[in-house]
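**Student:** Take this structure first; my questions come after.
What follows draws every value from the coordinates through simple rules; no lab data is involved. As the structure is a computational prediction, the values presented were derived from the model and not from experiment. With ideal geometry, Cβ positions are generated from the backbone for all residues, glycine too; neighbour counts draw on all protein chains shown.
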Amino acid sequence: MTENKKPVVFIGGPFKGAVDSETGTLDMGLKNRYLTLISLYEESGWEVLNAHREEGWGLAMVPAAACTGRDFQWMKSCDLFVAFPGDPASPGTHVEIGWASALGRPTILVLEERGHHAALVTGLGDVAPSIAYLTYRQGPEFLSSLAQATADMAARIEEIWPSLASTT
């Protein structure tokens, strides 16, 4: 990554299964989670890629082929993938986690505190060295933990992100 380019984070997590059928919009609790993460990264100078926001929080859903192609391009171009695997599991997010590990993308997986997560997700760090895990807890402590996890990831892979460790 060049020093003039903003780092790019792709934020993923449950979406289509969490859209309220009556309002056509994402569950407010999840929306607030994503908005919090988006704000944290944008305020730190990152470019944020996020399907939830891109698709109007559910009001502007795109067809399957369009979202699949877009998300795969985002995965190939991002510097960091941050995702909530979901509980219950989000099938689309699990596909993205697979892409991230296959492409060697640095990834922070945010797990539910009392969640039930697939063994292939919780064990992924044993085969994909650029995976970190963080437990989600609502509140400012979580944001501090996420900022620290991002800085720690940058330090671990400094050869990929030569100037990132000093910007987070």
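**Student:** Multiply the residue gap between E43 and Q73 by 0.36 nm, knock off their C-alpha separation, and tell me the result in nm, one decimal place.
**Tutor:** This chain segment gains 8.4 nm when fully extended.
**Student:** Follow-up. When only DSSP loop residues count, what GluC sites (Glu not before Pro) in the range 1-53 have their Cβ near at most 13 other Cβ atoms within 10 Å? Present the calculation step by step, with values, prior to reporting the outcome.
**Tutor:** Numbers: sites: E3, E22, E42, E43, E47; in loops: E3, E22.
Qualifying residues, ordered by number: E3, E22.
**Student:** Here's a follow-up. Collect residues whose amide H, placed 1.01 Å from N in the peptide plane, falls under 5 Å from the amide H of Y133; neighbours closer than 5 in sequence don't count.
**Tutor:** Placed amide hydrogens put L109 under 5 Å from Y133.
**Student:** Tell me, rounded to the nearest percent, the portion of alpha carbon pairs in the range 74-131 spaced more than 15 Å apart.
**Tutor:** 41 percent
**Student:** A follow-up question, please. For the chain, evaluate the Debye formula with one uniform point scatterer on each Cα (no solvent term) and list log10 I(q)/I(0) at q = 0.15, 0.18 Å⁻¹, rounded to two decimals.
**Tutor:** Calculated log10 I(q)/I(0) at the listed q: -0.81, -1.20.
**Student:** If you don't mind, another one. Helix 91-103 versus the longest principal axis of the chain: what angle, 0 to 90°, nearest 10, using Cα atoms?
**Tutor:** Between helix and principal axis, roughly 20 degrees.
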